[in-house]
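S.K.: Structure incoming, see below.
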Amino acid sequence: MIRLPAGHRLLHLDRTDSTNAEANRQARAGAEHGLVVLADGQDAGRGRQGRAWLTAEGSLAFSLLRRPDIAPHLASLWSLLAGVAVVDGLRARCPDLWLKWPNDVQIGHRKVGGILCEWDQGALVVGIGLNLAPPAGGWPPELEHRAAALPPDVGSRDEVLSAVLEHFDALERVTVRVGAGPLMDRYRRCLAPMIGERVTVDGGAEPWAGRVDGVEDSGALVVVDDAGARRAVLAGDVHLLPAQEP
Ligand code: BTN
């Protein structure tokens with residue numbers, strides 16, 4: 001059974017193109033803060049940077065429609081909030097979860113979930129996909145070494161969804177009430193395995209390499225490049241490089 005926090009409403013579909021697309025349509029039709037769009041299957045799941053998102057049978061794909069009463073510049077933090085809600089919500093059953101900047105849900109070097117936030121007409125749509133099972137035919141070659149499913153100990157799909165919703169709602173309330181401080185403290189803890197690691201940053205004209213130094217309050221990743229310059233990364237992809245032999 002799915003536990004919905006107070007003020008939430010569930011729209012449960014067998015299939016849809018994308019729960020984000022459906023939540024955007026609902027938002028345009030006037031749906032209120034607290035709508036949860038859950039689909040058992042997605043035909044055109046959307047990922048970050050215009051990529052496709054594969055939802056295997058039995059996996060979790062849902063989107064939250066939010067209309068938070070916040071200054072517009074804080075909205076970009078909602079995608080970090082979603083990442084923290086996933087890691088905190090599932091930590092008791094899956095202590096190895098962490099976030100790779102900005103919000104890839106990871107176990108070790110493998111991605112087990114992703115988050116895509118979209119603004120539409122003043123509404124914020126927060127889409128969360130968590131791999132609860134591998135695809136029936138196995139992972140496609142491009143994901144084979146990079147993706148994984150959460151372990152079965154994490155609980156049923158309904159339990160996972162309920163835990164994430166509860167943590168998202170509680171953390172959102174705190175953030176609306178007191179600002180981004182508590183959220184950023186928790187975000188930095190979820191991201192801790194990246195600090196000090198060597199990465200390549202793929203966001204501008206040329207990819208470049210450096211060492212991760214921290215996260216700014218804006219959510220930007222701070223990377224010290226190989227020439228020693230501190231650079232704030234606001235968008236793009238960051239790849240962890242394997243540790244070098246001394
Ligand atoms: C990423 O690329 O890491 C983000 C993936 C986000 C996938 C989820 S699944 C539910 C929601 N609906 C979508 O079409 N995308 C998001």
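The values are calculated or read from the model by the stated rules, or taken from the named source; none is laboratory data. This one's a predicted model, so the numbers in the text were calculated from it and none came from an experiment. Every residue, glycine among them, receives a Cβ derived from its backbone with ideal geometry; neighbour counts consider all protein chains shown. The area values use the complete protein model at the heavy-atom level, side chains included, leaving out ligands, DNA and RNA. Shrake-Rupley method; radii C 1.70, N 1.55, O 1.52, S 1.80 Å.
S.K.: Inside the stretch 2-57, can you point out the residues that are out of contact with any Lys or Arg (no Cβ under 9 Å at 6 or more places or on another chain), in a strand (DSSP E or B) and away from the ligand (no atom under 11 Å from the Cβ)?
M.R.: Answer for the stretch 2-57, where residues must be out of contact with any Lys or Arg (no Cβ under 9 Å at 6 or more places or on another chain), in a strand (DSSP E or B) and away from the ligand (no atom under 11 Å from the Cβ): Arg9, Leu10, Leu11, His12, Leu13, Asp14, Arg15.
S.K.: Search the stretch 57-75 for residues that are within 24 Å of Ala163 (Cβ to Cβ) and pair each with any residue that is modelled with pLDDT under 85 and assigned to a loop (DSSP other than H, G, I, E, B) when their beta-carbon atoms are under 8 Å apart and the residues are at least 6 apart or on different chains.
M.R.: Partner pairs satisfying both residue conditions: Arg67/Gly122.
S.K.: Looking at Gly155, Gly196, can you tell me which residue is open to solvent by less than 30 Å² (accessible area, probe 1.4 Å) and at positive phi?
M.R.: Being open to solvent by less than 30 Å² (accessible area, probe 1.4 Å) and at positive phi holds for just one of Gly155, Gly196, which is Gly155.
S.K.: Now for a different question. Tell me, yes or no, whether the stretch 3-17 has at least one residue that is in contact with a helix residue (DSSP H, G or I) (Cβ under 6 Å, 6 or more places away or on another chain), in contact (Cβ under 8 Å) with a residue 40 or more places away in the chain, loosely packed, with under 15 Cβ neighbours inside 10 Å and more than 30 Å from Val222 (Cβ to Cβ).
M.R.: Going through the stretch 3-17, the residues in contact with a helix residue (DSSP H, G or I) (Cβ under 6 Å, 6 or more places away or on another chain) turn out to be 3, 5, 16.
Filter again for in contact (Cβ under 8 Å) with a residue 40 or more places away in the chain, leaving 3, 5.
This time we only want the ones that are loosely packed, with under 15 Cβ neighbours inside 10 Å, so: 3.
Keeping just the survivors that are more than 30 Å from Val222 (Cβ to Cβ) gives 3.
So far as the stretch 3-17 goes, yes, one or more of its residues are in contact with a helix residue (DSSP H, G or I) (Cβ under 6 Å, 6 or more places away or on another chain), in contact (Cβ under 8 Å) with a residue 40 or more places away in the chain, loosely packed, with under 15 Cβ neighbours inside 10 Å and more than 30 Å from Val222 (Cβ to Cβ).
S.K.: Another question, if that's okay. Name every residue in the stretch 225-239 that is aliphatic (A, V, I, L, M), open to solvent by 40 Å² or more (accessible area, probe 1.4 Å) and not in a loop (DSSP other than H, G, I, E, B), in order of residue number.
M.R.: The one that is aliphatic (A, V, I, L, M), open to solvent by 40 Å² or more (accessible area, probe 1.4 Å) and not in a loop (DSSP other than H, G, I, E, B): Ala232.
S.K.: Mind checking whether some residue in the stretch 99-109 is more than 27 Å from Gly196 (Cβ to Cβ) and either within 14 Å of the ligand (Cβ to nearest atom) or of a type in the set (D, E, K, R) (or both)?
M.R.: no
S.K.: On to the next question. Kindly indicate the residue of the stretch 58-76 that is crowded, with 22+ Cβ neighbours inside 10 Å and among the hydroxyl-bearing types (Ser, Thr, Tyr) and also farthest from the ligand (Cβ to nearest atom) among those meeting that condition.
M.R.: This residue is Ser59.
S.K.: Has the stretch 108-123 got at least one residue that is assigned to a strand (DSSP E or B) and in contact with a Cys (Cβ under 8 Å, 6 or more places away or on another chain)?
M.R.: no
S.K.: Which of the following residues is within 25 Å of Arg15 (Cα to Cα) and open to solvent by 10 Å² or more (accessible area, probe 1.4 Å): Trp98, Trp53?
M.R.: Trp53
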